[in-house]
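Values in this text are rule-based calculations from the coordinates and carry no lab data. Everything numeric in this text was worked out from a predicted model, so none of it was measured. Note that each Cβ is placed from the backbone with ideal geometry, even for glycine, and that neighbours are counted across all protein chains shown.
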Amino acid sequence: MREKLQAFFATLDRSRFIDNQYKALSKLDRPLPIGCGQTISQPSLVVYMTEALKLDEAHRVLEIGTGSGYQSAFLAAFSHELYTVEVIPALSERAQEKLSALGYTNIHYRIGDGSDGWPEHAPFDRIMVTAAPKKLPITLIQQLAVGGIMVLPVGHAGWQELKRITKTGDGTYAEEKLLDVAFVEMVGKYSL
């Protein structure tokens, strides 16, 4: 999987997902502002998180935080279907335009509070969260299929852990710390 991800990364122009003065910095391996108080993650972290999700082409994936659509492109390229939720309408609309222009047809978009997931399409084989809740979002864990994996940052502004959650049964899951990270905070019920 790593080789396929690296090959995809090499062909995906990150500058296509940035519409402001930071576009010229798109080749740097660092997060960059995309407007609306949000950022596009550093490319190496996007690749790492995608690999940590252990995607399969048959998987149905839920993404919380569409943002620029850059992470969405990775998820859609390596899964069967992607359901992505973004709370900021302007970001969702721009991401939809960019991803459609790139030819993605397996992405479903929703504008709204991602902390509730997308229950009418659950369960999901994989869930990627790209904004940090202050505590584990049980609502999202409930929407994982048994054996499913969720990758997400958890914690407060300035101090978060990237975790991999594996659902082991109804109401049970295993938790693994992957890295220390810094993400924008999730809005919604898990930001309280």
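At a glance:
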{"read-out": "Sorted peptide list for 137-143, 76-82, criterion being average Cβ within 10 angstrom, highest first", "value": "76-82, 137-143"}
{"read-out": "Relative contact order of the chain, pairs being alpha-carbon contacts under 8 Å that are 6 or more residues apart, as %", "value": "16"}
{"read-out": "Sum of side-chain charges, D13 neighbourhood, beta-carbon under 14 Å (Lys, Arg +1; Asp, Glu -1)", "value": "+4"}
{"read-out": "Protection-proxy order for peptides 47-56, 22-31, each taking the mean of Cβ atoms within 10 Å per residue, highest first", "value": "47-56, 22-31"}
{"read-out": "Stokes-Einstein translational diffusion, segment 20-110 - Kirkwood Rh over all Cα pairs, 1.567 mPa s, 4 °C, in µm²/s", "value": "96"}
{"read-out": "Cα-based shape type of the chain, given that a ≥ b ≥ c are square roots of the gyration tensor eigenvalues and the cut on a/c is 1.5", "value": "rounded"}
{"read-out": "Dipole of segment 2-191, positive end: most advanced residue of G148, A7, P137 [Cβ charges, Cα centre]", "value": "A7"}
{"read-out": "Charged-residue dipole, Cβ positions (Lys, Arg, Asp, Glu), segment 2-191 about Cα centre, Debye nearest 20", "value": "360"}
{"read-out": "Signed unit charges on C-beta, dipole axis of the chain, positive-most listed residue G112, Q38, S26", "value": "S26"}
{"read-out": "Across K167/K189; K134/K167; K23/K134; K54/K177, pairs whose alpha-carbon gap is larger than 24 Å", "value": "K23/K134"}
{"read-out": "Magnitude of the charge dipole, segment 15-65, Cβ model with Lys/Arg +1 and Asp/Glu -1, debye to 20", "value": "200"}
